[in-house]
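What follows is a short report on a single structure.
The values are calculated or read from the model by the stated rules, or taken from the named source; none is laboratory data. On a predicted model such as this, the values are computed, not experimentally measured, just so you know. Neighbour counts run over all protein chains shown; Cβ positions are idealised from the backbone, glycine included. Accessible surface areas use protein heavy atoms only, side chains included; no ligands, DNA or RNA. Shrake-Rupley method; radii C 1.70, N 1.55, O 1.52, S 1.80 Å.
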Amino acid sequence: MAAHIRTSLDASDLPNWLRAMHIGFLRSPDVSKEELEVRSAGIDLDRTQGAFEGDRCVATFRSHDQRLTAVGGADVPADAITNVTVSPTHRRRGLLSRMMDHDLRAAKERGDAVASLLAAEYPIYGRYGFGPATWVTEWSVDVARAGLDPRYAGPGCGGRVDYADADEVRELGPALHERLRARQHGVIDRTERWWKLNTGQLRFPGDGWTNEPFHVLYRSPDGTVDGLLTFTTDDRWEGNKRPQDTATVRSLIGVTPAAERALWHFLCSIDWVQHVVTGSRAPDDLLPLFLGDPRAARPTTYADYLWLRPLDVPALLEARTYPVSGSLVLDLRDRAGLAGGRYLLDATPDGATCAPTTRAADLTMDIGELGTVWLGDESPVRLTALGRAEEERPGAAALADTLLRTPRRPWCPDMF
């Protein structure tokens, strides 16, 4: 029996759909009533697809609205893709390709400028026009080696650190996160549901919460909330009554270096905490250099994170800012026929225009490579050296580097 793809689902399809998602991610196929209730509230059935053989679901796919911060702080509408699986029994049958094609075309018709996803496996999504746009690093900090002042009793800048409860975090956190989004390219929006899930107020089996989270706010000297930390501990002891706790960061927002420093210093000064696991941080995060001995922060993960697929090239290139003036003609190949073509970018520090053109190309690349360079992380010069971009005019790659690269690397802190 050939699998039939349903491009929207009914509520009655969700138990089988969730079971297939569990199987695809190699989790227990059991779906509890509690999980079904919690997950159902966050799923748009009209944007949820599944491949079915009769009542049995064998592939899953869904998307939702997302807001993504461009270089310079502009808000860009994105089609966020998630929960993508194909059961091992039905791989290599084109099921993902068909679902992806339907979703991307619907997103372009809606007016989304870009599609986004987090790739569980690197090789899958390049063929659909996605490119890795941000990277993350996770550190494990050996507190004893960190070289921080053992007499530390609070921020020396005049600010203060206080514990908070989940209600206070839900009240103050969203505005703080929007301040982060306005200054950090690559950050995505957080919904009310996100705040409930990540403060522990909304849970489902297997969500990773083993202990109640702690929440900490940093207030600047004038009383403004400039930082928020959520973390858990494991309450671990070794022989002879020696505490060996690990503090695991669930989220840390700092909209000033003072806020970041204060929250990291606070976490590394808690009695009993011997190790700090940072969670996914920006690849150029300040954390190691806040420590007296930066080597105390040992990288445990360095990997690609947010992948982007351009859907509206002029909208993307006009949304971001540029450090200098320059003109560049990009010839973009797109085998799906969604966003390819030749475009003239006229960029200045005061704004940019981008439109289709018949002028000769300066730089040629696949559409996914534009997704890779749009947030300023990757170098067009490197892509040219790798053969992933072709320089049609001498100096074009260097000009693209100057226009597109950013002093700080983009960062997406959240999973979706």
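Quick notes
- Sequentially through the range 31-36, phi angles give Karplus couplings (6.51, -1.76, 1.60; θ = phi - 60°) of 10, 6, 4, 5, 5, 4 Hz, Gly and Pro residues having no value and appearing as x.
- The phi torsions of the range 11-17, fed into the Karplus equation with coefficients 6.51, -1.76 and 1.60 and a -60° offset, translate into couplings of 4, 5, 7, 5, x, 5, 5 Hz, rounded to whole numbers, with Gly and Pro shown as x.
- Taking the Cα centre of the chain as origin and assigning +1 to Lys and Arg Cβ atoms and -1 to Asp and Glu Cβ atoms, the resulting dipole is close to 720 debye.
- Neighbour-limited loop hits for GluC sites (Glu not before Pro), the range 12-58 (at most 14 other Cβ within 10 Å; DSSP other than H, G, I, E, B): none
- For the range 343-351, the Karplus equation 6.51 cos²θ - 1.76 cosθ + 1.60, evaluated at θ = phi - 60°, returns couplings of 10, 9, 9, 10, 10, 9, x, 9, x Hz by residue, with Gly and Pro reported as x.
- Amide H to amide H, with H built 1.01 Å from N, Val58 comes under 5 Å of Ala51, Phe52, Glu53, counting only residues 5 or more places away or on other chains.
- Restricting the range 224-262 to trypsin sites (Lys or Arg not before Pro) in coil, as DSSP defines it, with at most 13 other Cβ within 10 Å: Arg236, Lys241
- Overall form of the chain per C-alpha gyration tensor (a/c, 1.5; a/b vs b/c): oblate
- The range 19-84, accessible area per residue, ligands and nucleic acids excluded (1.4 Å, Å²): 42 Å²
- Residue-averaged 222 nm ellipticity for the chain, from DSSP H runs of 4+ at -39500 (n - 2.57), nearest 500: -7000 deg cm²/dmol
- Protection proxy ranking, peptides 345-351, 118-124, 227-233, 172-178, average beta carbon neighbours within 10 Å, highest first: 227-233, 172-178, 345-351, 118-124
- Candidates per trypsin sites (Lys or Arg not before Pro) in the range 48-136, loop by DSSP, up to 15 other Cβ within 10 Å: Arg91, Arg92, Arg93
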